[in-house]
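See structure below.
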Amino acid sequence: MALRTIRIFRGTAGNGTFVDYQVEVEEGNVVLDAVLKVQAQLAPDLAVRWNCKAGKCGSCSAEINGLPRLMCMTRMTLFPPDRPVTIAPLKAFPLIKDLVTDVSINYHIARQIPPLRLRPPGPDGIRRMTMDDIERAREFRQCIECFLCQNVCHVLRDHPENWALFFGPRWMVRLAELEMHPLDDDDRRNFLKEKAGVGYCNITKCCTEVCPAEIRITDNAIIPLKERVADLHYDPFRWLLDRLRGKRPIPRPEERVEKAAAS
Amino acid sequence: MAGYRVHEYDVLVVGAGGAGLRAAIAAAQEGARTAIVCKTLLGKAHTVMAEGGVAAALATVDSEDNWRVHFRDTMRGGKLINDWRMAMIHAQEAPDRVLELEEWGAVFDRTADGRILQRPFGGHRYARLAHVGDRTGLELVRTLQQKALSLGIDVFMETSIVRILKDSQRVAGALGFRRDTGELLVFRAKAVVLATGGIGKCYKVTSNSWEYTGDGQALAFWAGAELMDMEFVQFHPTGMVWPPSVRGVLVTEAVRGEGGVLLNSRGERFMFHYIPDYYRAETAETPQEADRWYHDKRNNRRPPELLPRDVVARAINAEIKAGRGSPHGGVYLDIASRRSPKEIKHLLPSMYEQFAKLADVDITKEPMEVGPTMHYMMGGIRVDPETAATSVPGLYAAGEVACGLHGANRLGGNSLSDLLVFGRRAGIYAARYANSLPQAPTFSGDEVETAANELIEPLHRADGENPFALQAELQETMQNLVGIVRTGDELKEALHKIQELKDRTKRVAAVGDVIYNPGWHMAISLGPLLVVAEAIALSALERRESRGAHTRDDYPKEDPHQASFNLVVSADLQGRPQLRKEPRPEMPQELKKILEEV
């Protein structure tokens, strides 16, 4: 047991400040333990989201000493004992109160993604897939929707207006999961480019760095999706064919931003 | 509390775990205007934590498996006081519900010939659990959540329901509030499906999250429906015991399903000493036979580590009490010496990560320390086995909040199949009932007003007790007096304490305002927690025998006469709980035969 200072953001949008609390921290404690102790003993109205306490539900995302992490999987021993541990809400989402932000935009985006379309099963009615077939997409299915990737994606974090143009890393992972389903039968390339805005990602890999499920978001999800789109839209032979047929080339992402800004 | 908005639906589903999502999908597919209300964000419900798998007699691994064997295993696991009609429907329909998930995009682990792989689990004769590593619940919830969104179902996230509204007798809607804004919400609905899950937060050591405060059970009780089998509380044998902050977090039964063994401080595989007569004929006598079973099920019997959860939890409890426990008050669960590191990481990825990150234990190299943790409520709202209807017209219940399927003890894997099978049925029958009504029955505005005022009261008290402290006292009481092993005297003491807490609940105070205020939310949750705690203690006191998960030190034997009834709790005219014995319907000959022969 040791007394530790926890510095927590308290307040609502435009009206908040960091407040220091002192709580006893036990061996093995994670940051969420300390926060819940503050809530139970010192500040019962401290707002914090959490559920499973085992890194499986992705509810307790926060910025701990500036690093976006899950509070339930961050041990207190990670930080120097003589200095306060600072906990702030996710920056990229509108603040509701204290450590809780409004992440509902993610669920609006989720609704825009068309469901999986499977090709018909074999003659015996059984959908056969091998372990090798499913291995590639398995990684994406481990996403716990903590939205830390959405929070750090600087396309969204630094330019909130881009939420209208780019779905963000979580939803690229979801689309990759659909694209790489072994029995998938859909062509999402136009959707990826036009609706999901895969072109906006400029591969800085911030999302991959913070993913608690250790999904290689950029390398394994987004880049392959970009390649699929490129095959359709930027294939030189296809471009030539389209020109010969008199079709206009589709505008590139930069032009769309200008258009959006103009309107 | 001033004005409120009224939302109109045919079917309102309360809860967004597996049962709620599956019910909502079914209701929407029946053409009902459907909404889901859930206390957390979508996709965070406890189903996400389900690890081992979903039980269904698909027979992809053991071709001898079929619904009859699954029915038999479920009934035997439940010590024969399950609702046999539910057990039959469940065993028959589970395979279709699993295959349907595959149609909606779920990807289960595969056999060598490309079909769904199934793993062995406690109490199931054959390898029966379709799974996705040890993250089956996550796959199930994501699949259902995406399906529900694609059907355009409205979702009210971070919203609590605090009352079922009725006309004189039928459901007319529900009253709730948004947890993030405090805004009062009134739902006008022809039918309500309760799918709120369990009651774990009555106990101190539990695998359940803060959400599981018995809301659905209490809503049903207050609305005039019946609770049944409340004495049967499942303690999962293997929860983490160290460090203190994760005490109770689940360690999946799949560790044992994949070959893990339980050892005491002397290194003994102690489960061989705890095989009940009831299971002796089908359980291995020696470690050698048990180990052979994993590869040759036909000529060997099951390892005792895979006995039903009640048996294993009691055995671990006894070992610890006898002084043969591990340093932190558990026993050892060893997979490291049984499987290669590569296999362990592939089969149990989230267990590997959980122990590495939270306990500094590498499960590929050393054993885990585990002990019993309150995990699941077999009891709950009494429902019609076919339609999931409660005794209140328009009120339905499915999943953990309902009861009947599991009897005195639930087998691992039967929960996920339960919520798929009966979630769907609840949704279908709620929608059909709703579709048969020309309009929603009307409720009285006064009822809304009174309930709304009650809701806000804790915020108006200048000083009073801390709701978190009161919850902690209740948890201490239930843990110590209504735990794994119970006695009449302790149960009476618990009931006395629960009364005291009920009185004190009227004086709790919450500081702050209505915006995302956990202290206020806790004050509201104390009501349901105490309804459930009292029902459990009353039923446990009344059942004077030991059966399944209900163990009485003063009545240590199972009494065949007490297999003839279930205990039912309902509210009397003053709203106090009253108990009665409900005689069990006679099982048809053909089902009896299955139990004897299969």
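Annotations
- Just so you know, in segment B:178-218 the residues that are within 21 Å of B:ASN517 (Cα to Cα) and assigned to a strand (DSSP E or B) include one that is nearest to the other protein chains (Cβ to nearest Cβ), and it is B:ARG178.
- Of the criteria (1) facing another protein chain (nearest Cβ under 7 Å); (2) surrounded by fewer than 22 Cβ atoms within 10 Å (Cβ to Cβ); (3) modelled with pLDDT under 95, which one A:PRO81 fails: (1)
- When A:ASP102 is tested against (1) touching a residue at least 40 places away in the same chain (Cβ under 8 Å); (2) out of contact with any Asp or Glu (no Cβ under 7 Å at 6 or more places or on another chain); (3) of a type outside the set (A, V, I, L, M, F, W, C); (4) at the interface with chain B (Cβ under 10 Å from one of its Cβ atoms), just one condition goes unmet, and that condition is (1).
- Residues that are open to solvent by 50 Å² or more (accessible area, probe 1.4 Å), modelled with pLDDT of 95 or more and outside any helix (DSSP H, G or I) within segment A:188-203 comprise just one, A:ILE203.
- Single match in B:GLY3, B:GLY52, B:GLY43 (criterion: of a type in the set (Gly, Ala, Ser), at pLDDT below 95, closer than 29 Å to B:HIS346 by Cβ and in a loop (DSSP other than H, G, I, E, B)): B:GLY52
- Positions within segment A:168-180 being under 15 Å from the mean Cα position of the chain (by Cα) and either more than 16 Å from A:THR208 (Cα to Cα) or in a helix (DSSP H, G or I) (or both), in sequence order: A:PRO169, A:ARG170, A:TRP171, A:MET172, A:VAL173, A:ARG174, A:LEU175, A:ALA176, A:GLU177
- Count of segment B:434-451 residues which are open to solvent by less than 80 Å² (accessible area, probe 1.4 Å), over 22 Å from B:GLN29 (Cβ atoms) and in contact (Cβ under 8 Å) with a residue 40 or more places away in the chain: 5
- Only listed residue being outside any helix (DSSP H, G or I) and either open to solvent by less than 10 Å² (accessible area, probe 1.4 Å) or touching a helix residue (DSSP H, G or I) at 6+ places or on another chain (Cβ under 6 Å) (or both), chosen from B:LEU411, B:LEU420: B:LEU411
- Residue in segment A:137-158 that is over 20 Å from B:GLY43 (Cβ atoms), surrounded by 14 or more Cβ atoms within 10 Å (Cβ to Cβ), within 13 Å of another protein chain (Cβ to nearest Cβ) and not small (Gly, Ala, Ser) present: no
- Count of residues meeting criterion [at pLDDT 95 or above and in a loop (DSSP other than H, G, I, E, B)] in segment B:427-440: 1
- Residues (assigned to a strand (DSSP E or B), over 12 Å from B:ALA16 (Cα atoms) and either within 14 Å of chain A (Cβ to nearest Cβ) or of a type in the set (Lys, Arg) (or both)) located in segment B:130-177: B:ALA130, B:ARG163, B:LYS166
Condition check ((1) over 30 Å from B:PRO458 (Cα atoms); (2) over 20 Å from the mean Cα position of the chain (by Cα); (3) open to solvent by 20 Å² or more (accessible area, probe 1.4 Å)) across all residues:
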position: B:ILE515; (1), (2), (3): no, yes, yes
position: B:SER525; (1), (2), (3): no, no, no
position: B:VAL532; (1), (2), (3): no, no, no
position: B:GLU586; (1), (2), (3): yes, yes, yes
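- The condition of being within 23 Å of the chain's Cα centre (by Cα), surrounded by fewer than 24 Cβ atoms within 10 Å (Cβ to Cβ) and aliphatic (A, V, I, L, M) holds for only one of B:VAL61, B:VAL54, B:VAL69, that being B:VAL69.
- Considering only residues in segment B:108-129 that are among the basic types (Lys, Arg), more than 12 Å from chain A (Cβ to nearest Cβ) and open to solvent by less than 20 Å² (accessible area, probe 1.4 Å), the one that is farthest from B:ASP296 (Cα to Cα) turns out to be B:ARG128.
- In segment B:219-270, residue nearest to the chain's Cα centre (by Cα) [restricted to those that are part of a helix (DSSP H, G or I) and within 14 Å of chain A (Cβ to nearest Cβ)]: B:VAL246
- Selection of segment B:280-300 for residues being buried (at least 18 other Cβ atoms within 10 Å of the Cβ) and at pLDDT below 95 yields only B:TRP293.
- Every test in (1) surrounded by 17 or more Cβ atoms within 10 Å (Cβ to Cβ); (2) at pLDDT 95 or above; (3) not in a strand (DSSP E or B) is passed by A:ALA54 save one, and that test is (2).
- Pairing each residue of segment B:95-107 that is surrounded by fewer than 21 Cβ atoms within 10 Å (Cβ to Cβ) with any residue that is charged (D, E, K, R), provided the two are 6+ apart or on different chains, yields C-beta distances under 6 Å for B:GLU102/A:ARG127; B:TRP104/B:LYS147.
- Comparison of A:LEU116, A:LEU95 shows that the only residue that is surrounded by 19 or more Cβ atoms within 10 Å (Cβ to Cβ), at the interface with chain B (Cβ under 10 Å from one of its Cβ atoms) and aliphatic (A, V, I, L, M) is A:LEU116.
The values are calculated or read from the model by the stated rules, or taken from the named source; none is laboratory data. Everything numeric in this text was worked out from a predicted model, so none of it was measured. Don't worry about glycine lacking a Cβ; one is built from the backbone with ideal geometry, like all the others, and counts go over all protein chains shown. Just so you know, the surface numbers come from the protein's heavy atoms only, side chains and all, with ligands and any DNA or RNA stripped out. Shrake-Rupley method; radii C 1.70, N 1.55, O 1.52, S 1.80 Å.
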